[in-house]
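Below you'll find the structure, written out as structure tokens, and then a few comments.
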Ligand SMILES: Nc1nc2c(ncn2[C@@H]2O[C@H](COP(=O)(O)OP(=O)(O)OP(=O)(O)O)[C@@H](O)[C@H]2O)c(=O)[nH]1
Ligand SMILES: [Mg+2]
């Protein structure tokens, strides 16, 4: 038997709000808290679908005004050309200020040593450029498009994620975060990473892009491409990926499920050419977004947690 | 489709993380590569079988110690509803993380180990759930497999929990015998407990009515940001950006701005730059007024004939969350309420609440980490609030330490 007390049955006079509307309202609320609480916020923009969603939400949050903070891109120099073009066009179209800083420059200025060999990637070096950019512009808050459903360390992170003066995340001492009362108070030199779409899943993002009619870089849709087949994953065939004797060069019909650095983002074979077809494919996919496409997470058990502790997004 | 946010709570090792893993597994929401990763991690930890708790215990130290330290958020969906599940730690040391997760929950699943029954941490989490006004509570009497699936064992625990619930203001309570390990009465009905004829856990999660928990009466809108494009065509535009915390607003409504008490009328409501007719609870919109009055972040727009209390003297229940400094009468903090921040000083600790008996303890000088008490405080500026139990959104506040900037107290204004 189940024991129920006071379970009132309620007539449905008013319909419960749709989950996408709720997620959207929450994200807009968070964006506005950033604008209200911080002096020098920035929105980290990569040209990927999550940051495209963020820009759209920011536009809605501050309409008819402009987005009251710049878009910042940390360019590894290994990005997809389609994403870079999209980035520049979007910034121009909405009249946003775009700041680009290059990992290449950090490497030169600091004399950093790049990884070499088969799976060499600048993914880790990005953190140095990001921290330098934060210092250069004295950003006190950086808005990012990370979602909690992406990865198990991200699943633990607050929406206002406090970082010390070295950019470090301390997962064992996160600030309590109650209701929707976000505490953005910090000392000079510290900063807060803010994740307005924390509670969105990959499918929510796609459903939202569709509902809002938001255009995406073409690489998100099926197209023919020359690729490197390596360890069962399809990587873009480009000079920035060091070749390996075991590599096979193939031509396949693919799309990208995430758009990050080319050295650590794999393509998936697909014939989905429209948003509806992509959504249909992801709905039945039995593999997670990062599991299917990210090479950086698969190196060790706690790769993401360790990167975040070092100041990564 | 609508959305339900729920949290798991209860004492250490009662099976909270395993229960969430089981819910996701049985609703087929664990993807193949995630499952492989859990299997791999289970083996490296010599756990023998698959440890479903590893799905939420994602931090290195959590996996090493086999405990939950901070809340994990997992997302899943059934044909009827979308869910945000929040897995809280059971350790007393990490209670503030549980409070973090619980503050936004519509429903709490409080686990009880069938072998041990109601213990101190069950009482603490139940008290917190009721103070936070979580509208629905499910008590999952877990590990029924370890007590021979005995109906008597279940009934005894159910009885003692009901006694506890009577002392707290738990509005809607359901008690279910489960085994998170075997998946009994989680998604599928148990075949080992035929004496149980009530609902499964998932069925309660799918059917509980969330909408009725919202305050649809009292129009409250905390101003977050003032939109002033200052372009040629929008020269005089002043829009107040914010979220409807409760009730609703529409064009033509008479309003009052607090704490300044200025009155005006809503000229227009916009969303994403387009005019809309009405804005209701939880919607993020922009309000334009007919009169040019001085409004800034921290002000609250309310319905003219339905105003909250405006005062500098506040009484509140508080959960103390600072492990470095105790709360003492006379100390000063920053109170954040809605979008307003004001310095405040603690006038008095009226009484502390005993976690076991829920009785009042008088003459308390200071509060330590995880203590729960009623305090009196005075703010530097007036605050426009409603009692928390009537209006969660406008009765909640946090205390921030002025030097460390850390959030140290969760306040429910009475
Ligand atoms: N026999 C049996 N064991 C269970 C059941 N549910 C959980 N366990 C075991 O109990 C232990 C603790 O489970 P967890 O899910 O980690 O407990 P928890 O409540 O999340 O613990 P904390 O988060 O650290 O407070 C694990 O070894 C589980 O396998 C059950 O229904 N039956
Ligand atoms: Mg746990």
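The values are calculated or read from the model by the stated rules, or taken from the named source; none is laboratory data. Everything quoted here is computed from the prediction, not taken from an experiment. With ideal geometry, Cβ positions are generated from the backbone for all residues, glycine too; neighbour counts draw on all protein chains shown.
Just to be sure, is residue B:42 over 27 Å from the mean Cα position of the chain (by Cα), more than 9 Å from chain A (Cβ to nearest Cβ) and within 13 Å of ligand 1 (Cβ to nearest atom)?
yes
Search segment A:36-73 for residues being more than 12 Å from the chain's Cα centre (by Cα) and away from chain B (no Cβ under 14 Å), and hand back the single one that is farthest from residue B:285 (Cα to Cα).
Residue satisfying both the conditions and the ranking: A:72.
For segment B:92-195, list the helices (runs of 4 or more DSSP H) that sit wholly inside it and hold at least 1 residues that are more than 16 Å from ligand 1 (Cβ to nearest atom) and away from chain A (no Cβ under 14 Å); which are they?
Values: elements: B:95-102, B:120-131, B:151-167.
Of the helices (runs of 4 or more DSSP H) lying wholly inside segment B:92-195, those with at least 1 residues that are more than 16 Å from ligand 1 (Cβ to nearest atom) and away from chain A (no Cβ under 14 Å) span B:120-131.
If you scan segment B:1-31, which residues turn out to be more than 19 Å from residue B:144 (Cα to Cα), in a loop (DSSP other than H, G, I, E, B) and within 12 Å of ligand 2 (Cβ to nearest atom)?
none
Among the residues of segment B:45-59 satisfying the criterion of being away from ligand 2 (no atom under 15 Å from the Cβ) and over 26 Å from residue B:206 (Cβ atoms), which is nearest to the other protein chains (Cβ to nearest Cβ)? Write out each step before concluding.
First, the residues of segment B:45-59 that are away from ligand 2 (no atom under 15 Å from the Cβ): B:46, B:48-50.
The next check asks that each one be over 26 Å from residue B:206 (Cβ atoms); those that pass are B:46, B:48-49.
On the way: B:46: 15, B:48: 19, B:49: 19 Å.
Only one residue fits best here, namely B:46.
Name the residues in segment B:209-253 that are more than 10 Å from every other protein chain (Cβ to nearest Cβ), out of contact with any helix residue (DSSP H, G or I) (no Cβ under 9 Å at 6 or more places or on another chain) and touching a residue at least 40 places away in the same chain (Cβ under 8 Å), would you?
Hits for segment B:209-253 are B:217, B:219, B:221, B:238, B:240, B:247, B:249, B:253.
Provide a single number: the residues in segment B:143-162 that are under 16 Å from residue B:13 (Cβ atoms) and away from ligand 2 (no atom under 16 Å from the Cβ).
Number of matching residues: 4.
Test each condition in (1) surrounded by fewer than 17 Cβ atoms within 10 Å (Cβ to Cβ); (2) modelled with pLDDT under 85 for residue B:92 and report the one that comes out false.
(2)
Let's see how each residue does on (1) within 19 Å of residue B:97 (Cβ to Cβ); (2) at pLDDT below 90; (3) touching a helix residue (DSSP H, G or I) at 6+ places or on another chain (Cβ under 6 Å):
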| residue | (1), (2), (3) |
| --- | --- |
| A:128 | no, yes, yes |
| A:135 | no, no, no |
| A:152 | yes, yes, no |
| A:165 | no, yes, no |
| A:172 | yes, yes, no |
| A:198 | yes, no, no |
| A:201 | no, no, no |
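Report the residue count in segment A:140-161 for those that are at the interface with chain B (Cβ under 8 Å from one of its Cβ atoms) and touching a strand residue (DSSP E or B) at 6+ places or on another chain (Cβ under 8 Å).
Counting residues in segment A:140-161 that are at the interface with chain B (Cβ under 8 Å from one of its Cβ atoms) and touching a strand residue (DSSP E or B) at 6+ places or on another chain (Cβ under 8 Å) gives 5.
Suppose we filter segment B:72-91 for residues that are more than 10 Å from ligand 1 (Cβ to nearest atom) and at the interface with chain A (Cβ under 8 Å from one of its Cβ atoms); how many remain?
Adding up the residues that qualify gives 5.
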